[in-house]
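The values are calculated or read from the model by the stated rules, or taken from the named source; none is laboratory data. Keep in mind the model is a prediction, meaning the values are calculated, not measured. Note that each Cβ is placed from the backbone with ideal geometry, even for glycine, and that neighbours are counted across all protein chains shown. In case anyone asks, the SASA skips ligands and DNA or RNA and just uses the protein heavy atoms, side chains included. Shrake-Rupley method; radii C 1.70, N 1.55, O 1.52, S 1.80 Å.
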Amino acid sequence: MTREVATLEWIGDVDGNLRILDQTRLPREVVFRECRDERAVWEAIKTLQVRGAPAIGIAAAYGLCLGMKLAPNDERGFFQRLEEVTSYLASSRPTAVNLFWALDRMRRRADTLRGQPPEVIRKALLKEARAIHEEDRALCHAIGRWGESLIEDGSGVLTHCNAGGLATAEYGTALAVIYEAVAKGKRIHVYADETRPLLQGARLTAWELKAHGVPVTLICDNTAAEVMKEGKVQAVIVGADRIAANGDTANKIGTYGLAVLARYHRIPFYVAAPSSTFDLQLPHGGLIPIEQRDPQEVTCPFGIPIAPEGVDVYNPAFDVTPAELVTAIICEKGVIRPVNSDTIAAVLVGAADNFQGPQAALKSSANG
Ligand code: MRU
């Protein structure tokens, strides 16, 4: 990927459309799709054409704008349609909280304009969606700046799934840290887990890093323990789909196993995510809804049958890593370390007591 390839782009004005980069076609083809209504956006999210927590939120915000093109002009009908489209888009995937965060923000914006003509509200909604999109770019760059100081020159860094530019407005979360470290002149070598069953690591992360000229070695998921044992990995860094108030973190299935391995090998395990990925309503990660996906993704990956027909399959898309295994969370406001309800609340609500900037964080021991 070059930085010019936009994961998501709104084309036109209030009657415009959403253009998405179809991530299911990567790395073989770079194909863009035009979404002209909310159903196309729902489908794109559900089928992972658009994926990654922040990108899902941005797509949903634009999806609401598309859905409101056909809203009735009377206020009651307009707001009823707003509710319908919001609930519909919210049903696309359950785990990434950015989806619900973005839709809620859009709905609240519309609420402030009750009494205004529909075209005024529609314009304001598009402006809000654009703001969510634009802000995400800035958040990702801030995450990169905070996180890079945690990565030492010469490090091997292991990542899982894709938490790069493809999963965000641009630059990424976990990969932003790596891009920033490389931009600072550090020599970094990335180990990318292939990430069964949908291979976001192999298809997307390896592609994205190669395009940015970052040295990357693709490994099967079950090779992670071995590369750690061989001393090739000095840090693990992943993204997140939802972080509970106590720091328990939902991310792509396999993340929890990596955190356990990292603890055993005394390797720091970092989570990088914007504040829109935190769900402070949930006291712990046991309450995070975990998406269950089609068994065919496991038995028949990319159309190739590999398992006996009718075999029982368990295919959760995400798992939850307990906060105690997370060395630090990097968000746009700084580095949260140690990870617990107090430090998270302190950083997210702005109090500075438990906040450690990158310099302070560096001085702490690797596993907190
Ligand atoms: O199922 P996916 O591909 O949407 O899962 C994505 C992840 O798990 C990412 O790590 C997470 O959304 C963070 S993206 C910055």
Item to check | Set G254, G172: member being open to solvent by less than 10 Å² (accessible area, probe 1.4 Å) and near the ligand (Cβ under 10 Å from one of its atoms) | outcome: G172
Next on the checklist: Being within 16 Å of the ligand (Cβ to nearest atom) and either within 13 Å of G63 (Cα to Cα) or in a helix (DSSP H, G or I) (or both) is the filter here; which residues of the stretch 93-115 pass it?
Outcome noted: V97, N98, L99, F100, W101, A102
Checklist outcome for this item: L218 meets each of (1) away from the ligand (no atom under 16 Å from the Cβ); (2) closer than 15 Å to V271 by Cα with one exception, condition (2)
Checklist entry - Can you spot a residue in the stretch 70-92 that is crowded, with 24+ Cβ neighbours inside 10 Å and either of a type in the set (G, A, S) or part of a strand (DSSP E or B) (or both)? => result no
Checklist entry - Got a sec? Which of A245, A262 is surrounded by fewer than 24 Cβ atoms within 10 Å (Cβ to Cβ), in contact with a strand residue (DSSP E or B) (Cβ under 9 Å, 6 or more places away or on another chain) and not β-branched (V, I, T)? => result A245
Checklist entry - Restricting the search to the stretch 31-66, which residues are surrounded by fewer than 22 Cβ atoms within 10 Å (Cβ to Cβ) and in a helix (DSSP H, G or I)? => result R39, A40, E43, K46
Item to check | Subset of the stretch 320-348 [surrounded by fewer than 19 Cβ atoms within 10 Å (Cβ to Cβ) and touching a Ser or Thr at 6+ places or on another chain (Cβ under 6 Å)] | outcome: L348
Item to check | Close pairs (6 angstrom Cβ cut-off, 6 or more residues apart or separate chains): touching a residue at least 24 places away in the same chain (Cβ under 8 Å) in the stretch 27-42, open to solvent by 40 Å² or more (accessible area, probe 1.4 Å) and not small (G, A, S) anywhere | outcome: P27/W207
Checklist entry - Of all the residues that make up the stretch 146-169, how many are within 16 Å of the ligand (Cβ to nearest atom) and on the phi < 0 side of the Ramachandran plot? => result 14
Checklist entry - Hey, V233 hits all of (1) more than 16 Å from the ligand (Cβ to nearest atom); (2) in contact (Cβ under 8 Å) with a residue 40 or more places away in the chain; (3) open to solvent by 10 Å² or more (accessible area, probe 1.4 Å) but one; which does it fall short on? => result (3)
Next on the checklist: Quick check on my filter: what residues within the stretch 43-92 are of a type in the set (V, I, T) and away from the ligand (no atom under 16 Å from the Cβ)?
Outcome noted: V85, T86
Next on the checklist: Taking the criterion of being surrounded by 23 or more Cβ atoms within 10 Å (Cβ to Cβ), without any contact (Cβ under 8 Å) to a residue 40 or more places away in the chain and either assigned to a helix (DSSP H, G or I) or not charged (D, E, K, R) (or both), would at least one residue in the stretch 116-128 satisfy it?
Outcome noted: no
Checklist entry - Considering R187, R203, which residue is in a loop (DSSP other than H, G, I, E, B) and at pLDDT 95 or above? => result R187
